[in-house]
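Report on the structure given below.
The numbers here are math on the coordinates, done by the rules we state, and not lab data. Note that this is a predicted model, so its numbers are computed, not measured. Because the Cβ atoms are built from the backbone with ideal geometry, glycine has one as well, and the counts that use them run over all protein chains shown.
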Amino acid sequence: MVKLKIKLALFSLLTKLGFTVVFLIFMPSLFEWITLMQVDNDLIQKREKVITLISNIGIEPFMTADTANVFGSYNILKEEFISLEKIDLKEDENYIEVTNRLIEGEVIAYRVLNYSFQVDGNTYLLEVGKSLSSINYMSKNIGKVIIVFLFFIILITFIADLQYTRFLLKPLDMITNKLKGISDPSIFDKKPVRTTTSDFQYLDSALRELMEHIDQLFQKEKEITVNISHELMTPISVLRGKLENLLMQEDINDVISNKIEESLKTLHRLQTLVNSLLMIARIESRQYLREESFQVNEVLREIIGELNPIAEDAGILLSGEFERDLQLERANRSLIFSMFYNVVNNAVKNTSSGGEVHVKSSVLNGRFMVIISDSGRGMTDSQVSTLFSRFSTRLETSGNNTGIGLAISKSIADFHNIEISVRSVIEKGTTFLFRFPENS
Amino acid sequence: MNVLIVEDETGLANEIAAFLKREGFLCEMSFTGSDASEKIAVNLYDFILLDLGLPDYNGLDLIKEARGNGSDAAFIIITARGAVEDKVKGLDLGADDYLAKPFALVELLSRIQAVARRKFNMPNQNLNIGEFTIELQSRKLTCKGKEVIITKKEFDLLHYLVMNRNRVLTRNQLYEHIWGNILDDQYDSNFIDVHIKNVRKKLNEHAPSPWLETVRGIGYRVSM
């Protein structure tokens, strides 16, 4: 995962580099084209000067007998030359070309303008040339300067871009920081982020409103659970008190006391059911605190210790294998205990004598996981798919099981961002896999 | 000992009072917070059983008032609200224990006794049953001076039964006392039966334990 500001800076760097590369590829020919244009203009101006001169003073001063109808002039460094020659040519010539000329034993590349004109019935060819070597040399130097300049420009703008986007995106960073580690909307920092960017302002205020809304919903849900709890538990406790007091009367016979105990059992079932539903509602509206830190294996060992007598009595081998451990932070120990307990308890109850229940903790792909497998009767795929929904578990097979234990485990796992997956094969057994979040 | 039951549900208050009276407590009842507030200001109580869900009063305020009056009554909060923070707040305010409704009356009694021992600095006396001794200080079970090795849960189970000797305890009452925080939805749990079986086996290796009785269809009882 790459941060937005880095992405933006990288993008601008890459586009700049791209443009630079394109520029560098086309620069030499562009340079050549521009300089040739300039040279050509220069040559044409010189031609005009010469023509004006000739029309003013005539051709004779150039064409003397000892020059044999040829006039030539070049400066000391042979950068430019002008030549006039009488030729026999009927066609008009007027073009510019690059040619090599041998001047005083030296071959030099020239840009040469050829122009023919007529004076007194004779045709003359005017050549105006300019050496390209000095021009090329200069353009090479300019090219170097430009490359260095571009490099610095890119470097400086990249740093500036990085700084500016960092400054620009700071409010976004603050918003993401506010969201990090939020386990409960009520602890969301309600202080608005200071920014002049309207998009961030909007994002921030929308988030705050959303959080407030969720918080209110949670509060409402909390009130509802408190009220439901009160309304349902109060009559149950009155009934329970009455029945327990009745059971303690000395003048009742066995038949009556058995009936009372049966009523108490039924009442207890109702109580457990209501408590389970309330527990799920409380977990889902995040009423439980998550502020404990503990070792997961220690919880697993405790559960195995608790359930071992039952397993032994049923002739089931309940074993633990702890390859790795995890120090769980910001969690609720009694909830995590219940989460595993329900699953191990379920496994023990669904395994017949001679079977096995195995609890294992290990690390796979960098994630801590707990695997609870049994050699029980297994489930069909459709049973697995509804395993975690309330009241839909193996009701038919497990007698009085209200089928809510696994739903509780699931909501506890969700509350702690733990993933649960189940694999089951009929007559072979079931495996529960708890995958803990990566950063834990 | 004087107990004030602050509970707006008269049906429950009556049952608690009837039970505690049988156990030898002096009981008074308040069905409203304001009535309780007056009673606490005037009378001295050893125990105040406080329902937090009073219609006219925030139950937690009663603790503050009582402490302000210099009352050193022990508060046991009994509530059906089940809000997680109620427990924390209540204990922070100086309540001595917390019991969620519905609870077993014998559980309430055992909490009261535990708080009383703490509060009035009563030494943990060893309990004798048959040839066995439950040593509460070291949490050990011995038989004629020899230690009987039992698990913590088995110890708790036996201790609870002996404390409530001559009273039948149902499997639920035993289960709730020992595994109180665990919600077992699989109601026909034979947890208690298995544990009692194990306890008996361990006891019988040292001496017979005819006093640990199974009361058919109901539960278990220690008879002495």
ask   = So which residue, out of A:T380, A:T176, A:T64, gets the largest mean-square fluctuation from a GNM of chain A using Cα contacts under 10 Å as springs?
value = A:T64
ask   = To the nearest Å, what is the center-to-center distance of segment A:1-70 and segment A:243-317, using C-alpha atoms only?
value = 94
Unsatisfied cross-links (Cα-Cα over 20 Å) in the set B:K140/B:K201; A:K5/A:K190; B:K153/B:K202 = A:K5/A:K190
task = Among A:L53, A:M63, A:V22, flag the residue with its Cα farthest along the positive direction of the charge dipole of segment A:4-137, charges on Cβ as +1 for Lys/Arg and -1 for Asp/Glu.
result = A:V22
remark   = Of the candidates B:Y175, B:G219, B:F132, the farthest towards the positive dipole end of segment B:127-222 (Lys/Arg Cβ +1, Asp/Glu Cβ -1, centred on the Cα centre) is B:F132
request  = State the dimensionless ratio Rg/Rh of segment A:150-207 (Rg: radius of gyration of Cα atoms; Rh: Kirkwood radius).
outcome  = 1.18
ask   = Taking a threshold of 29 Å on the Cα-Cα distance, which of the pairs A:K428/B:K197; A:K178/A:K220; A:K265/A:K349 fall above it?
value = A:K428/B:K197
task = In debye, nearest 20, what is the charge dipole magnitude of the protein assembly as shown about its Cα centre with +1 on Lys and Arg Cβ and -1 on Asp and Glu Cβ, if you could check?
result = 1760
task = Please report, in debye to the nearest 20, how large the charge dipole of segment A:318-366 is about its Cα centre when each Lys and Arg carries +1 at its beta carbon and each Asp and Glu carries -1 there.
result = 180
key: Net charge of neighbours whose Cβ lies under 12 Å from the Cβ of B:R118, counting Lys and Arg as +1 and Asp and Glu as -1   = +1
inquiry  = For the protein assembly as shown, compute Rg over Rh where Rg is the Cα radius of gyration and Rh is the Kirkwood radius from the inverse mean 1/r over Cα pairs.
reply    = 1.43
request  = Note down the relative contact order for segment B:2-119 as a percent, whole number, built from C-alpha pairs under 8 angstrom at least six residues apart.
outcome  = 22
query = In a shell of Cβ-Cβ distance under 10 Å around A:R435, excluding A:R435 itself, what net charge do Lys and Arg (+1) and Asp and Glu (-1) give?
reply = -1
ask   = What Kirkwood hydrodynamic radius, in Å, does segment A:198-284 give when the mean of 1/r is taken over all pairs of distinct Cα atoms and then inverted?
value = 16.3
ask   = Distances over 33 Å make up what percent of all Cα-Cα pairs in chain B?
value = 25
remark   = In the structure shown, of B:K64/B:K101; B:K39/B:K87; A:K242/B:K64, the pairs separated by more than 29 angstrom at the C-alpha atoms are A:K242/B:K64
query = Of A:N417, A:A331, A:L318, which is farthest along the charge dipole of segment A:292-435 in the positive direction, counting Lys and Arg as +1 and Asp and Glu as -1 at C-beta?
reply = A:N417
inquiry  = Given Cα positions, please report Rg to Rh for segment A:4-137, the hydrodynamic radius being the Kirkwood one.
reply    = 1.25
key: Selection of GluC sites (Glu not before Pro), segment B:1-31, meeting DSSP coil and at most 10 other Cβ within 10 Å   = none
inquiry  = Give me the percent relative contact order of chain B, please, defined on Cα pairs under 8 angstrom at least 6 residues apart.
reply    = 13
request  = Please give every one of the aspartates and glutamates within straight-line cross-link reach of A:K180, meaning a C-alpha to C-alpha distance under 12 Å, and leave out same-chain neighbours fewer than 8 residues apart.
outcome  = A:D189
